[in-house]
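The values are calculated or read from the model by the stated rules, or taken from the named source; none is laboratory data. None of these values were measured; they are calculated from a predicted model. When we count neighbours, we look across all protein chains shown, and the Cβ atoms used for this are built from the backbone with ideal geometry, even at glycine.
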Amino acid sequence: MPSPVRVRIAPSPTGDPHVGTAYIALFNYVFARKHGGKFLLRIEDTDRTRSTLDSEAAILRSLRWLGLEWDEGPDVGGPHGPYRQSERQTIYREHADRLRASGHAYVCDCTPDRLEALRTRQRAESRPPGYDGRCRERGLEPGPGRVVRFAMPREGATVVSDQLRGEVSYESASLDDQVLMKSDGFPTYHLANVVDDRLMGITHVIRAEEWLPSTPKHVLLYRAFGWEAPAWVHMPLLRNTDKSKISKRKNPVSLDYYRETGILPEALRNFLALMGFSLGGDREKFTLAEMIEAFDWSRVHVGGPVFDLDKLSWLNGMYLRELGPAEVLARLRAWRLSDEYLLKIIPLVGERMRRLDEFVPLADFFLCGDLDHAAISREMVPKGRAPAETAKTLEQFADELDEHRPFEAAPLEALARAFCEKAGWKSKELFMAVRVAVTGRTASPPLFVTMEAVGRELCRRRLRRAIEALRAVRA
Ligand code: GLU
């Protein structure tokens, strides 16, 4: 009997909860349900400089919002937590030791300077970059500042047999002696990922296409440990409408954006399903249960799926119309018409409100999605500056904002003021440009409390659209 299906997603908790994570989670979830198997969530947080608890919490919240709850976790009883690699350090160290003992790995003490010089030489000689194996035979012992590397076979080829793509072959000579344990004592993605997949009994690794080049290394690691490898499935990457790999400059990639703009989780699930799966015929609207029922890899296509926001809105509209007024009201309340949210914005517009009927026009930008930036683009441009220059400055500011946490008034203001110093802009100039971009008007409640209430995702989207509008202005 084949072993019961066990699959997982293994997101790294850095930055925002990504639509790509939800897309891969959906296919894993559906495959597990189809076969009565288990779907696991493993947080790959071994990059200590980039992983954050906020980001982990956002992943958990988004998966739950989408109805893709995982089946297992380390704390039994109550809702499951995820598995976390940061809690499994000794396991990786033991496994690295095992590979060293069997001659499949070695300690390396090459300094960053030496590795940099090596890369420069390789580039000058037009050779592929990679470690030259200097420490392979030196028999070094682990120690501070030292890493453990995998001793890749030097000859032959490694074949990855992918469920969707058939056999893909990689020359061993093209594979680097991959670092398995870093000098900070933490494992790299490759070691931790393979060890965990094995110990967690993963039968099918279903992940994004971008990991395919790592898979021959993983196949070789399984072999070095003497383990049987799981089945491999590499899903096509989501793409922007211009077919490039989905990116936050061109498309909102944070799941928070979709929640905040009132996309229904069931519609987003359906839309993500369409990215790689067809139910047959030209039927585009289907439920999760229908997808599970019909699921088979032969219905999964590998062509680069385009993440088209208009199509998502169209699909969402179909779901909304089916809900009935009472349910739509409930969804509106869960979105922004909650007492909690209204109580946040009433004090902000209250100053300028003379009659109740002025509330909606004064508060519209808190409650709507996209603004008409083309109509207001000139208002963003400070006197004596050009639209292109304004676009560039706003873009630099938006990039800083992307990295900035938390999204709260006081730190946002500090960030904006520091940015002005650097950019050589007067705060008055920047604040007006941002105000118009975010609220669509030249007079608004205090800017940074307003931004906090509008929320990170809408601010981000409006800034990006404002930048586009500015670029379209003829100077
Ligand atoms: N940690 C990787 C990620 O962030 C996991 C890739 C995989 O599924 O193996 O996506």
Inset, instruction - Select from the stretch 1-60 the residues that are of a type in the set (S, T, N, Q) and under 21 Å from Leu255 (Cβ atoms) and list them in ascending order. - result: Ser12, Thr14, Thr21, Asn28, Ser51, Thr52, Ser55
Legend entry - Subset of the stretch 304-353 [β-branched (Val, Ile, Thr) and closer than 18 Å to Ala273 by Cβ]: Val306
Inset, instruction - Looking only at the stretch 345-354, decide whether some residue is under 19 Å from Gly262 (Cα atoms) and surrounded by fewer than 14 Cβ atoms within 10 Å (Cβ to Cβ). - result: no
Inset, instruction - Exactly one condition in (1) hydroxyl-bearing (Ser, Thr, Tyr); (2) closer than 27 Å to Gln89 by Cα; (3) modelled with pLDDT of 95 or more is not met by Ser51; state its number. - result: (3)
Inset, instruction - Considering (1) surrounded by fewer than 20 Cβ atoms within 10 Å (Cβ to Cβ); (2) touching a helix residue (DSSP H, G or I) at 6+ places or on another chain (Cβ under 7 Å); (3) more than 28 Å from Pro347 (Cα to Cα), say which one Arg474 fails and leave the rest. - result: (2)
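Conditions (1) within 14 Å of the ligand (Cβ to nearest atom); (2) under 13 Å from Val7 (Cα atoms); (3) part of a helix (DSSP H, G or I), marked per residue:
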{"site": "Ser183", "(1), (2), (3)": "no, no, no"}
{"site": "Ala192", "(1), (2), (3)": "yes, no, yes"}
{"site": "Asp196", "(1), (2), (3)": "yes, yes, yes"}
{"site": "Ile202", "(1), (2), (3)": "yes, yes, no"}
{"site": "Ile206", "(1), (2), (3)": "yes, yes, no"}
{"site": "Pro213", "(1), (2), (3)": "yes, no, yes"}
{"site": "Lys217", "(1), (2), (3)": "yes, no, yes"}
Inset, instruction - Select from the stretch 104-144 the residues that are β-branched (Val, Ile, Thr) and surrounded by 14 or more Cβ atoms within 10 Å (Cβ to Cβ) and list them in ascending order. - result: Val107
Legend entry - Filter result for Asp310 (charged (D, E, K, R), modelled with pLDDT of 95 or more and closer than 30 Å to Ser244 by Cα): no
Legend entry - The one condition in (1) of a type outside the set (D, E, K, R); (2) closer than 25 Å to Val219 by Cβ; (3) modelled with pLDDT under 95 that Gly139 fails to fulfil: (2)
Inset, instruction - Please specify each residue of the stretch 219-257 satisfying the condition of being in contact (Cβ under 8 Å) with a residue 60 or more places away in the chain, more than 11 Å from the ligand (Cβ to nearest atom) and over 14 Å from the mean Cα position of the chain (by Cα). - result: Val219, Leu220, Leu221, Ala224, Phe225, Ala231, Pro236, Asn240, Thr241, Lys243
Inset, instruction - Tell me which residues, restricted to the stretch 424-439, are surrounded by fewer than 18 Cβ atoms within 10 Å (Cβ to Cβ) and not in a helix (DSSP H, G or I). - result: Gly424, Lys426
Inset, instruction - Would you be able to say whether some residue in the stretch 123-138 is more than 30 Å from Val300 (Cβ to Cβ), assigned to a strand (DSSP E or B) and more than 16 Å from the ligand (Cβ to nearest atom)? - result: no
Inset, instruction - Return a yes/no flag: does the stretch 402-415 have any residue that is free of Cβ contacts under 8 Å to residues at least 40 places away in the same chain and under 27 Å from Val473 (Cα atoms). - result: no
Legend entry - Enumerated helices (runs of 4 or more DSSP H) restricted to the stretch 1-118, each holding at least 2 residues that are away from the ligand (no atom under 16 Å from the Cβ) and farther than 19 Å from His234 by Cα: 53-65, 89-101
Inset, instruction - For the stretch 444-474, enumerate the residues that are over 14 Å from Met380 (Cβ atoms) and among the small types (Gly, Ala, Ser). - result: Ala453, Gly455
Inset, instruction - Sort out which residues of the stretch 61-85 are modelled with pLDDT of 90 or more, surrounded by fewer than 20 Cβ atoms within 10 Å (Cβ to Cβ) and within 28 Å of Met181 (Cα to Cα), and write them in order of number. - result: Arg84
